[in-house]
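A.B. asks: Submitted below is the structure of interest, expressed as structure tokens.
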Amino acid sequence: DLATKEALLAIQISKDKDKFALVYDTIRVFEDDAIKKIFDVIYRKYKNEYLANFYYVQILLNANEYQKAIKVIENSYKFEEFSKKESRWGIFLANAYYELGKNDLSVKILKDYLNYSPKDLYLNQYYIEILTLQENYDEAIKHYRFMSANKLINFSDILVAKKMALLNIKIERYLDANTFIKSIEKKDINSYYFLKGILYFQKKNYTEAEKFFKKVEKENDNYINSVKEISKIKIINKDYEKLKYFFINQHKDIRNKDLEIRLITVETEIFFNEKKYNYSMERINSGLKKYKNNGVFLYTRALVAEQINRLDILESDLKKLIDMEPRNAQALNALGYTWANKNINLLEADKYIDMALKIAPNDAAILDSKGWVLYRLGKFKKSENYFIRALKISDDAEIVSHYIKVLIKIKKIQKAKKIYEK
């Protein structure tokens, strides 16, 4: 409340043309929910000012409130400044529609803004990002070539060459991919090794792929991804014993604490995903033995514990993590959802999920948990609203499954059938 008063006072006395930017940049050090609470008040007072709308939209997008962001953008149409088609408005709008699953509309908006600002680098880069996320790799490559022709980018740039190599690998243009990979060999040898590994992996030449992945140095940014790719190869070949031995070797000579923690986490998750739960528990226990009370390890072990029916470990680890990090929404949600799923401690589960929801009000998984605990408590109509909100953000199969169950309970059988068929 005091922060909000100070922000309003700063805006009131400021003679800076971009006073809203001044406040926005200042409060960005806070958590997203605190930023939003402050700017909610600012926006209510100054919604008739162009720049208040501009910065409020960014805050709403960061808080995953995409529908509300679109409404604020639509409210901004009335401003004369908006008619200039400033490229960031196009990015904001495209981002909101993309996150809501309206991919075609997102691309259409970006194309429209590119007609006005064909040489805006940020706009062009975001357009390629959306195309890549939509797996429209061919169109992404074409647009990169358009950017190169207009001197917006240079293919000799390492980051651009890496992206072009990966895009060409995706659509199996291996000769083109190899040309870009070779162009970075003398500039960034580790990225060269990693991309060669990706190229051979895509061609299903796993022996050659592994050779290149193993050449990536441990301190390099590509190292952890190389470890993941080698793990995929071992799993494809069902070489679980060799996979264990591979990780044993990786742990040798590691002097970087953060890297060791990442490596143990990755190793645990890989064996977890392969349903090797006992070995996952063994690995995460070794991590906690060395790095006591590590938050990532506690959360990971809780997930493993659930799979081997050690609810005592799950509860202990998550409660310890919540004591250490009271604003850890994932930990709060995980504990509440586990209880709800097992149909135990439902009132306490509801409290934990509510705490998580206050921290992350637009997290689809937490909204789903709230719906599920209400379902377990027999409050079916209330639970339906939370599932609807969750599905606006994510079409995760588990959320859909929960929603169908509640629709059946409240006798909306035809609607449940349509969703199930879809």
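The values are calculated or read from the model by the stated rules, or taken from the named source; none is laboratory data. Bear in mind that the values here come from a model prediction, so they are computed numbers and not experimental data. Ideal geometry is used to build each Cβ from the backbone, glycine not excepted, and the neighbour counts take in all protein chains shown. SASA here: full protein model, heavy atoms, side chains in, ligands and nucleic acids out. Shrake-Rupley method; radii C 1.70, N 1.55, O 1.52, S 1.80 Å.
A.B. asks: Among the aspartates and glutamates, select those whose C-alpha is under 13 Å from the C-alpha of Lys17, and discard any that sit fewer than 8 residues away in the same chain.
C.D. replies: Glu49
A.B. asks: Still on this model: Would you mind telling me which residue in Met147, Met324, Met281 has the biggest mean-square fluctuation in a Gaussian network model of the chain, where springs connect alpha carbons within a distance under 10 angstrom?
C.D. replies: Largest GNM mean-square fluctuation: Met324.
A.B. asks: Something else now. Which one of Ser401, Phe212, Phe246 has its Cα pushed farthest toward the positive end of the charge dipole of the chain, where Lys and Arg give +1 and Asp and Glu give -1 at the Cβ?
C.D. replies: Positive-end residue among those listed: Ser401.
A.B. asks: Have a look at Ile235, Gln12, Leu2 and report the one farthest towards the positive end of the charge dipole of the chain, computed about the Cα centre with Cβ charges (Lys/Arg +1, Asp/Glu -1).
C.D. replies: Checking the options against the dipole of the chain, the answer is Ile235.
A.B. asks: While we're looking at this one, here's another question. Going through the cross-link list Lys351/Lys382; Lys358/Lys412; Lys85/Lys111, which pairs have a Cα-Cα distance over 20 Å in this structure?
C.D. replies: Lys358/Lys412
A.B. asks: What number comes out for accessible area per residue over the chain if the probe is 1.4 Å? Units Å², please.
C.D. replies: Computed with neighbouring chains in place, this is 55 Å² per residue.
A.B. asks: At a 1.4 Å probe radius, carbon and sulfur cover how many percent of the accessible area of the chain?
C.D. replies: 49 percent
A.B. asks: At 222 nm, what value in deg cm²/dmol follows for the chain if DSSP H runs of at least 4 each add -39500 (n - 2.57) and the sum is divided by all its residues, to the nearest 500?
C.D. replies: The helix-only estimate for the chain comes to -23500 deg cm²/dmol at 222 nm.
A.B. asks: Please state, as a whole number in µm²/s, the translational diffusion coefficient that the Stokes-Einstein equation yields for region 215-260 at 25 °C and 0.890 mPa s, with Rh defined as the Kirkwood radius across alpha carbon pairs.
C.D. replies: So the translational diffusion coefficient is about 219 µm²/s.
A.B. asks: Related question: In cubic angstrom, how much convex hull volume per residue do the alpha carbon atoms of the chain span?
C.D. replies: About 196 Å³ per residue, rounded to a whole number.
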